[in-house]
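A short worksheet on the structure shown next.
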Amino acid sequence: MRLNIRQLVTKRPKTKILTNTTWQRTLAAVVYFLLFTFLLSSGLFVSKLHLEVGQPSPQLIRAPWEKTIEDIDKYREDQEEAARAVQPVYKPDEEFLTSVARDLSTAFLALRDALNTSNAETKVKVAKLRQTSPFAVLSEETLLNLLEVSPELLNEQEQKAGEIILGNARSTDNGARSQAKATELRSLIKEEIDDADFSEDFKGFLHAFVDTKITQPTLIEDTDATERLRQAARATVRVEVYYYKAEQKIVGPGDIVDEKIMRVLQGYGLVENRSPWRAVGGIAIIVAACILSTALYTYQYRRNMAEITKKLYLIGLVVTLVLLIGKAAVALNLGGAEYNSLVGILIPVAWATMTIAILVDAQMAFLISVILAVFVGVLVDPIMTTTYGTQVGLVAFFGGIVGVHSVSQLSQRSDLARAGLYIAAVNVFMVGGIALISGMGLAAWLVSLLLAIVNGLASSVLAVGTLHWFESGFHITSASSYDSSSLSKFSCSSVASPSGAKVFTA
């Protein structure tokens, strides 16, 4: 018997590739990622009006439903305008003024020491005075006249000079707030010195001191006090609210679209105010996070689950079907925009979670219920401008959770009908709570209750009708999630599938 080496070399890698499911799971994850992203974001590309501020409207536009629109953009602009109108609060620059007071005291101390040095020659006294600012810039005649002042008068003049110089520099009205104001402050101080009861020589000394020492602003901005006043000014601004009733005219054909009209149209989502691709990117990130969460959960807790790859395909298919049904649901017209926003309640998330709980795993079904609640919220409101997505997502989440619980003790397929009643009941409670919180009108409340009941019953009907097809198509038996005692009750008969697995029927 001849051994064919070429066949062995080529056959072994092929068998390894076929038996390796990692690449299959990766490919499936990519396909489902693209599919989910497409289904969730396709509503962003619905044709909208393209209007510009200052241009005439090409058609009559009415309010689709009753809505209160808060002009948040104008509110923020008015707040900042009110804050800018607040004048800054200033306070004395204590560090600079302390140095000025110290220099003034040093100048008077030098003059006082010269007066008290009686045994020194006049030229020595003058030379010593010139070592202290501002005596260096004064004439010798002025210095000689200053040396003739009595010590008692000198103390009085020092006090008065300090009041004039430091008093004006410290004053929030007269003090210098900028470099340009410092020049005005020097002129003001000199005028008051000239008006005071000083000798001409003493006035010259004080003028020289002011010119050499008051060289910068004497006031600095009190940022804390200024910010408090600006916050108070912002608090006085009130948000402008526009209230529109259903079918009320927003803008007519040929009317100029102003800022107010544009904000109302944007509030209703009637105009395209940004690129949809940005929102598509955000949705893609959400979808990727959900798929990654499922993959991490499977890797961490369900690695040993039999036929896990096949069951992951089943989960992806069920989620896809839910999104397709959801797309059809949100396209329904119930006769009014207010009612049309409620059709997301019809999306049968509980059907998906019950199916996954029966055919895959209850814990996995809990995770999928969270993911589907997020998907449903995004599907209803892709750009998240209203609360409808959150409301529908809450109903979907609790309906899906109850769906899993309702089949946890499943003994026969007829119990799925009872599960539908449980789901309808929790949907009714959730819709009632949301209606009370949001202030929903009575008519809309009744419509939402009807949709909640239909959702529960439809979920059970879909579960009964599709369970057999999923079992047969994926060769997965519902026994994988339940013990043998429950399984004996679950089925009245069983038939063998071509793969040898048993498929249970009612």
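The values are calculated or read from the model by the stated rules, or taken from the named source; none is laboratory data. What you see is a predicted model; the values in this text were computed from it and never measured. Every residue, glycine as well, gets a Cβ built from its backbone with ideal geometry; the counts of neighbours run over all protein chains shown. All accessible areas refer to the heavy atoms of the entire protein, side chains included, with ligands and DNA or RNA removed. Shrake-Rupley method; radii C 1.70, N 1.55, O 1.52, S 1.80 Å.
For the reader, a short list of remarks on this structure follows.
- Overall shape of the range 57-173 was characterised from the C-alpha gyration tensor. The equivalent ellipsoid obtained from it has semi-axes of 68, 13, 10 Å, in decreasing order.
- When the range 139-195 is reduced to its Cα atoms, the Kirkwood hydrodynamic radius in Å: 12.9
- Note: the range 328-409, Cα convex hull, 79 Å³ per residue.
- Local net charge near I165, Cβ-Cβ under 11 Å (Lys/Arg +1, Asp/Glu -1): +1
- Residues with amide H under 5 Å from that of V251, placed H, sequence gap 5 or more: I61
- Largest accessible area first, the listed residues D195, D361, D258 line up as D195, D258, D361 when surface is computed with a 1.4 Å probe on the assembled protein chains.
- Accessible area of L27 in the full protein assembly, 1.4 Å probe (Å², nearest 10): 90
- Both radii come from the Cα set of the range 409-477: Rg as radius of gyration, Rh as Kirkwood radius; their ratio Rg/Rh reads 1.16.
- Two-decimal Rg to Rh for the range 102-240 - Kirkwood Rh, Cα set: 1.19
- Isotropic mean projected area of the C-alpha convex hull, the range 216-362 (nm²): 19.1
- Stokes-Einstein D in µm²/s, Kirkwood radius over Cα pairs - the range 203-296 at 20 °C with 1.002 mPa s viscosity: 102
- Accessible area of K123 (1.4 Å probe, protein heavy atoms only, ligands and nucleic acids ignored): about 150 Å².
- Residue-level accessible surface for L457, protein heavy atoms, 1.4 Å, Å²: 80
- This model, with +1 at the C-beta of Lys and Arg and -1 at the C-beta of Asp and Glu, gives the range 30-106 a dipole about its Cα centre of some 500 debye.
- Total formal charge among the other residues, if their Cβ is under 12 angstrom from that of L153, Lys/Arg +1 and Asp/Glu -1: -3
- Formal net charge of residues neighbouring Q248 (Cβ-Cβ distance under 9 Å; K, R +1; D, E -1): +1
- Cleavage-rule hits (GluC sites (Glu not before Pro)) in the range 124-218: DSSP loop, at most 16 neighbouring Cβ within 10 angstrom: E148
- Projected onto their three principal axes, the Cα atoms of the range 166-212 cover extents of 31, 18, 13 Å, largest first.
- Once the C-beta distance of T26 and L332 is scaled by a Förster radius of 25 Å, the resulting FRET efficiency is 0.10 to the nearest 0.05.
- Extension gain (nm, one decimal) between Q248 and E184, 0.36 nm per residue minus Cα-Cα: 16.9 nm
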